[in-house]
């Protein structure tokens with residue numbers, strides 16, 4: 001029977017590396033930092049001048065940059081890129097499903113009321129409710145008339 | 001002492017006796033916790049998105065609200081928020097460098113990089129508190145709002161924003177601002193506390209005795225998650 005080893009140093013993959021490997025890794029990490037700084041500065045510049053852009057295009061640009069930054073943080077800084085494929089999928093797959101659900105349900109489906117159709121829908125619903133209320137009031141008035149005459153019209 | 005396992009995605013992983021993902025249970029659970037926390041923040045940001053698009057005309061423009069910069073008597077939109085983002089990303093870089101130094105058992109470098117990470121975190125929390133202060137105090141000119149005073153609704157010149165009135169626009173903007181940035185700031189603060197504890201552990205040679213600096217890595221994951229959330233909050237709150 002194989003011994004159960006939960007003692008991580010025995011199979012912790014990135015537990016140690018040499019000085020030379022360290023130099024290369026550090027260089028890569030500083031490279032990612034410069035990428036992040038550049039993206040942030042671009043985002044801020046676009047943010048200052050957001051009146052030149054179409055709002056939908058702005059949304060795509062900003063969310064695109066944000067997802068790119070998130071990818072670099074998770075892949076390089078959190079070392080998910082160095083982990084086993086199984087773990088990568090465990091982390092990425094459920095969250096991606098959720099994000100895709102968000103994008104399609106909230107932005108395109110259920111969110112349509114808040115973000116788009118509200119003016120049209122509200123008017124239609126208000127008119128319909130008004131009609132129902134008026135119809136009910138008329139019915140009530142004739143109903144009182146009926147009761148006053150002690151159900152002769154039944 | 002510790003065998004250097006290579007990242008093979010072999011079928012032997014699932015035969016039992018070892019973690020199939022090749023990481024310790026501590027790290028695995030940190031990842032699980034981070035996913036659950038990410039979903040929490042996603043829910044909050046989703047709610048913010050809904051509210052924001054429900055009132056597109058009266059929603060305050062963050063570029064006009066957050067224009068302060070310390071020691072500068074002027075209005076530079078979003079400059080301080082950009083500085084805060086830079087500080088947090090920088091602290092993320094110093095954290096990952098601490099983790100990398102831990103992989104080489106370089107105790108002194110770990111201490112140095114973790115020290116700078118803690119400084120970065122404290123700077124961020126302090127900056128966030130400063131932003132809150134200016135948001136709550138408001139501008140000199142203020143705005144007229146209809147609020148409840150001594151049991152009666154009156155038109156009053158109010159300054160700043162809190163949970164009942166907001167000179168910049170809808171009160172719900174202030175509610176979301178305080179809750180989301182506050183929740184995130186709480187994560188940053190707890191991250192600083194945890195980083196400090198691990199810093200002390202490294203200082204007292206606990207990691208050296210153990211033979212590995214995995215605790216630094218786990219805490220690093222939490223810190224990077226905090227940075228990741230800020231990236232999203234920054235985009236959805238201040239830019240969009």
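A few remarks follow.
- Pairs linking a residue in the range A:8-25 that is facing another protein chain (nearest Cβ under 7 Å) and assigned to a helix (DSSP H, G or I) to a residue that is buried (at least 17 other Cβ atoms within 10 Å of the Cβ) and modelled with pLDDT of 80 or more, with Cβ atoms under 7 Å and 6 or more positions apart or on different chains, are A:8/B:24; A:8/B:214; A:9/B:212; A:19/B:104; A:22/B:100; A:22/B:104; A:25/B:100.
Each row is one residue, and each column tells you yes or no for (1) surrounded by 19 or more Cβ atoms within 10 Å (Cβ to Cβ); (2) under 25 Å from residue B:49 (Cα atoms); (3) in contact (Cβ under 8 Å) with a residue 24 or more places away in the chain.
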{"site": "B:183", "(1), (2), (3)": "no, yes, yes"}
{"site": "B:188", "(1), (2), (3)": "yes, yes, yes"}
{"site": "B:194", "(1), (2), (3)": "no, no, yes"}
{"site": "B:211", "(1), (2), (3)": "no, no, yes"}
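- Residue check, residue B:130 more than 22 Å from residue A:77 (Cβ to Cβ), surrounded by 14 or more Cβ atoms within 10 Å (Cβ to Cβ) and out of contact with any strand residue (DSSP E or B) (no Cβ under 8 Å at 6 or more places or on another chain): yes
- Members of the range A:35-64 that are without any contact (Cβ under 8 Å) to a residue 24 or more places away in the chain, facing another protein chain (nearest Cβ under 10 Å) and under 13 Å from residue B:86 (Cβ atoms): A:37, A:41, A:43, A:44
- Of everything in the range B:137-153 that is touching a strand residue (DSSP E or B) at 6+ places or on another chain (Cβ under 7 Å) and part of a strand (DSSP E or B), the residue that is surrounded by the most Cβ atoms within 10 Å (Cβ to Cβ) is B:143.
- Among the residues listed as B:193, B:226, the single one being more than 14 Å from chain A (Cβ to nearest Cβ) and in a helix (DSSP H, G or I): B:193
- Residue check, residue B:206 under 30 Å from residue B:35 (Cα atoms) and either in contact with a strand residue (DSSP E or B) (Cβ under 7 Å, 6 or more places away or on another chain) or crowded, with 17+ Cβ neighbours inside 10 Å (or both): no
- Those residues of the range B:13-50 which are at the interface with chain A (Cβ under 9 Å from one of its Cβ atoms), in contact (Cβ under 8 Å) with a residue 12 or more places away in the chain and surrounded by fewer than 16 Cβ atoms within 10 Å (Cβ to Cβ), in sequence order: B:26
- Residue count, the range A:63-85 (criterion: within 21 Å of the chain's Cα centre (by Cα) and at pLDDT below 85): 1
- Residue match in the range B:203-221 (condition: outside any helix (DSSP H, G or I), within 14 Å of chain A (Cβ to nearest Cβ) and within 26 Å of the chain's Cα centre (by Cα)): yes
- When the criteria are applied in full, residue B:125 fails the requirement of being more than 24 Å from the chain's Cα centre (by Cα) and either crowded, with 22+ Cβ neighbours inside 10 Å or more than 13 Å from chain A (Cβ to nearest Cβ) (or both).
The values are calculated or read from the model by the stated rules, or taken from the named source; none is laboratory data. Remember, it's a predicted structure, so these values are computed and weren't measured experimentally. All Cβ positions, even for glycine, are placed from backbone atoms using ideal geometry, and neighbour counts span all protein chains on display.
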